[in-house]
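Nothing in this text is a laboratory measurement; each read-out follows from the coordinates by a stated rule. All figures in this text were calculated on a predicted structure; none of them were measured in a lab. Note that each Cβ is placed from the backbone with ideal geometry, even for glycine, and that neighbours are counted across all protein chains shown.
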Amino acid sequence: NNQLSDVPALPPSLEVLKMNTNELGALGPHCFTGLVNLLNLELLGNTLHEAAVSPSAFRALENLLSLQVDQNHFTSVPLGLPRSLQMLKMSGNMIDSVTEEALRGCSNLRLLDLSGNQLHEQSIPANAWTHLKSLEALDLSSNQLESVPANLPRRLRKLTLRNNNIGHVPAVSFRHLRPGLQSLQLSHNRLGDGSADRASFVGTYRSMGELLLDNNHLGEVPPFIRQFKSLTMLRLDNNRISEVNSQQFAPPSTPHEHLIKRVPQIFIWLEIPGPVASLSTSVALIVSCLC
């Protein structure tokens, strides 16, 4: 919150540097020279863009773990990111493409936040995530996606896709993930009753613990919900669902008399736009009736 336009001289023992809300417009090749102990760098709310960031700007930051450059003027991920980096946050920029080259050295990256940008499926090439061997959390919320991105990083556990235009979840989008996706947030999209089927979630039925489908265009509880074995949180509120029954949440081929014993304890958030047609107490269900 000053008016700094350059990185000042700093002690080599420094571990955390916050230069948020300043007037930084460029990062030269020697701007961080000597800061070998820096672990956390925050440059939020400046005017940085990729053309003004030297590919050598971060070379001295051999131990950097976290880089936050949210709310700048980037249109792509800058080159020369440190190999040590574990967290990269670039939300609220103008990023419209992700390249394999920019993320080539990021094999240790565990969290990547590209929310609030201008990404769409065509701007993410098939090899974009190739080098992200350690990535566990990816946030692509508030972009321009119309489908779940393909070729997701193999170790991904949490995928956040809120507030896009997603109307389709392709078959076997998550089959290659190991040990498997644990959290998928698809709130505030355009998913309807035919947007996804059982094949869409192959590879997640044993691992998924959280599935957020609220604020979409669903007219019924999706049939594939019954396939999940570990689900503990399900959001279906602010859809067009008017009828719910316990069979929709029971594991396949479960006799009605065994529902109370066999239905997983799922925390479900669901709004019904009228009287509930049928609802079994065997499902842990929170209902807001809008009568």
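Express in % the proportion of alpha carbon pairs of the range 102-153 at distances exceeding 14 Å. Percent of Cα pairs beyond 14 Å in the range 102-153: 52. Taking the DSSP bridge list for the chain and keeping only pairs wholly inside it, about 0 percent are antiparallel.
Here is how the number arises for the chain: DSSP H runs of 4 or more residues each give -39500 (n - 2.57), the sum is divided by the residue count, and the result at 222 nm is 0 deg cm²/dmol.
Charged side chains reduced to their Cβ positions (Lys and Arg at +1, Asp and Glu at -1) give the chain a dipole of some 1100 debye around its Cα centre. Rounded to the nearest 20 debye, the dipole size of the range 110-220 about its Cα centre is 600 debye, using +1 on the Cβ of Lys and Arg and -1 on the Cβ of Asp and Glu. Okay, which of the range 138-160 sit inside 16 Å, backbone N to the point 7 Å along the Cα-Cβ direction of Arg178? Residues 152-157 qualify, since their backbone N sits under 16 Å from the label point.
Remark on the range 10-68: Rg and Dmax equal 10.8, 29 Å (Cα only).
Between Arg190 and Arg59, the FRET efficiency estimated from the beta carbon spacing at R0 = 35 angstrom works out to 0.20. The value for the range 3-116 of Rg(Cα) / (2.2 N^0.38 Å) is 0.96. For the range 153-185 versus the range 115-151, the spacing of their alpha-carbon centroids is 10 Å.
Given a cut-off of 19 Å, what percent of all Cα-Cα pairs of the range 175-225 lie beyond it? So the portion of pairs separated by more than 19 Å is 24 percent.
Across all C-alpha atoms in the chain, the radius of gyration and Dmax reach 22.3, 73 Å. Note on the range 38-174: Cα Rg divided by 2.2 N^0.38 Å, N the number of residues, gives 0.99. Within the range 138-192, the proportion of Cα pairs with more than 17 Å between them is 31 percent.
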